[in-house]
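Q: Let me begin by handing over the structure; questions about it come next.
Throughout, read-outs are computed from the coordinates displayed, never taken from laboratory work. The structure presented is a predicted model; accordingly, all values stated were derived computationally and were not measured. Here Cβ is always computed from backbone atoms with ideal geometry, including for glycine, and neighbour counts include all displayed protein chains.
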Amino acid sequence: MEFEMKKVSQLTNEQLTVELALLRQDERHTQARFLVHLSEMEERKLFAIEGYSAFTYLTRKLGYSEGSAYKRIVAARAIRRFPKLYTLLWDGKVTLTTVSMIHCHLTEENQHQVLSQVEGKSRLAVEKLMASLNLTQNNFSGEVASCHYVKEDRVRFKFTADAKLLEMVQRARELLGHQYPHANFEDIFTKAMEFFLSKHDPLFNEQKKCIEPKKCTVPKQCDPYESAAGKQQAQNHETMEHSKARVEMPKSHETEPGKQNQSNNSSGVSNRSRYIPQRLKNEVWKKDQGRCSYVSTAGHRCEERGFLQIDHIEPWAFGGSSTLDNLRLLCFRHNQLMAERYFSK
Ligand SMILES: [Zn+2]
């Protein structure tokens, strides 16, 4: 660093100006080449094979911020569809920001017209152009930026929603009024999230039990709610009465109608039945800690907690049974990868 600074400090003004321009050009060229490599990595499914999504690979492995990773991924995909974008990025006629704003509006038919209109334009000018064409912006990057920590355990959300959401929030506030006359938006959304998660997330009620240590069956390090949300929930238990609308876990002896007589497992359902009872699904979720269970050959476990599917390790079509040791959680990406591997054997 010191050597580089000393070297640069000895340049003349003209040399410094020329070098800076050359470095900017190199940066653009490197970026364009990076996008082509990124696109090829994705095409070969190398991110999935390594146990990542493209997004987690760029953020966790390569150290990009969420917004920067998003822009690169959409640009890499757009370049594959519209190769002219590569030349425009190489020449500095469009930026990654511009590509991330317009990519979802590009078609085979309009690409030349749209790209000629955004060439050399600033972000604000592109925004104005899109507004004049009545085009909505892809707001993913906005969503990433809409959640900020304001204290260690406090987060500020910011998003734009349909007016119907406001009506629903106001109605919920009225309904909660007799129990919580001073309920604010945080209380209402906390109640809504508790209701939703207790209905749809098998780990949620296990986490609730962790508030009462004797009943805890989930290892603490596996608890997805152990941080701010978990603390907030614990506080809510202390300060607010339990809602009468709380949803209980699904019935533990749920069976598929008409299957009772074939049973040979504890749930009363045949292991060769494709139907997986809710109790067994919950056990799979607990076993895999609510997270994709794919592990790469290098030992990296996929971090995906969304879009999870229950997968038969030995496929059902090949005689695999619906038992706990033959079931696992996989994200859609790794479910697809495993299916491709298995069926190409
Ligand atoms: Zn996965």
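Q: Count the net charge of all other residues whose Cβ sits under 14 Å from the Cβ of Val118, scoring Lys and Arg as +1 and Asp and Glu as -1. Please report the intermediate quantities before stating the final value.
A: Details: positive: Lys84, Lys93, Lys121, Arg123, Lys128; negative: Asp91, Glu119, Glu127.
Computed value for this residue: +2.
Q: Sticking with this one: What number comes out for the charge environment of Ser53, summing +1 per Lys or Arg and -1 per Asp or Glu over other residues with Cβ under 14 Å away? Walk me through the intermediate numbers first.
A: Working: positive: Lys45, Arg60, Lys61, Arg72, Arg77, Arg291, Arg301, Arg305, Arg333; negative: Glu42, Glu50, Glu66, Glu303, Glu304.
Neighbour charge sum, excluding Ser53 itself: +4.
Q: Based on other C-beta atoms within 10 Å, arrange Thr56, Thr95, Thr160 from fewest to most. Please list the in-between numbers first.
A: On the way: Thr56 17, Thr95 21, Thr160 8.
With the fewest neighbours first, Thr56, Thr95, Thr160 line up as Thr160, Thr56, Thr95.
Q: Skipping prolines and chain starts, which residues have an amide H placed within reach, meaning under 5 Å, of the one on Tyr64, given they are 5 or more residues away or on another chain?
A: So Tyr64 has HN proximity to Thr59.
Q: A further question on this structure: So how do Cys302, Cys292 line up by other beta-carbon neighbours within 10 Å, fewest first? Before the final figure, lay out the partial values.
A: Numbers: Cys302 23, Cys292 26.
Fewest-to-most ranking of Cys302, Cys292: Cys302, Cys292.
Q: With a/c under 1.5 counting as rounded, go ahead and sort region 78-137 into rounded, prolate or oblate using the C-alpha gyration tensor (a ≥ b ≥ c being the square roots of the eigenvalues; past the cut-off, prolate if a/b is larger than b/c, else oblate). Each step should come with its number before you reach the end.
A: Numbers: a/c = 1.78, a/b = 1.24, b/c = 1.44.
It comes out oblate by the Cα gyration axes.
Q: What is the sum of charges, Lys and Arg at +1 and Asp and Glu at -1, for the other residues whose Cβ falls under 15 Å from the Cβ of Ile102? Before the final figure, lay out each step's value.
A: On the way: positive: Lys71, Arg77, Arg81, Lys84, Lys93, Lys121, Arg123, Lys128; negative: Glu108, Glu109, Glu119, Glu127.
Taking every other residue near Ile102 into account, the sum is +4.
Q: Cα-based Rg (one decimal) and Dmax (whole number) for region 41-118, in Å?
A: Cα-based Rg and Dmax for region 41-118 come out at 13.4, 40 Å.
Q: Same structure again: Let me make sure I get this right: for region 2-143, a, b and c are the square roots of the gyration tensor eigenvalues over alpha carbons, sorted descending. Under 1.5 in a/c it's rounded, otherwise prolate if a/b > b/c, else oblate. Which is it? Please report the intermediate quantities before stating the final value.
A: On the way: a/c = 2.02, a/b = 1.26, b/c = 1.61.
Because a/c hits 1.5 or more and a/b fails to exceed b/c, region 2-143 counts as oblate.
Q: May I ask which of Lys61/Lys287; Lys45/Lys164; Lys71/Lys93; Lys121/Lys151; Lys164/Lys191; Lys199/Lys287 have a Cα-Cα span longer than 28 Å here?
A: Details: Lys61/Lys287 26 Å; Lys45/Lys164 40 Å; Lys71/Lys93 16 Å; Lys121/Lys151 38 Å; Lys164/Lys191 18 Å; Lys199/Lys287 19 Å.
Over 28 Å Cα-Cα: Lys45/Lys164; Lys121/Lys151.
Q: Okay, moving on. With contacts defined as alpha carbon pairs under 8 Å and 6 or more residues apart, what's the relative contact order of region 2-143 in percent?
A: Details: 94 pairs, mean separation 29.9, N = 142.
Relative CO of region 2-143 lands at 21 percent.
Q: May I have the convex hull volume per residue, in Å³, for the Cα set of region 82-191? Walk me through the intermediate numbers first.
A: Working: hull volume 17.2 nm³, N = 110.
It is 157 Å³ per residue.
Q: Which of His103, His148 has the fewest other C-beta atoms within 10 Å, and how do the rest follow up to the most? Provide the component values of the computation, followed by the final result.
A: Numbers: His103 18, His148 10.
By the 10 Å Cβ count, ascending, the order reads His148, His103.
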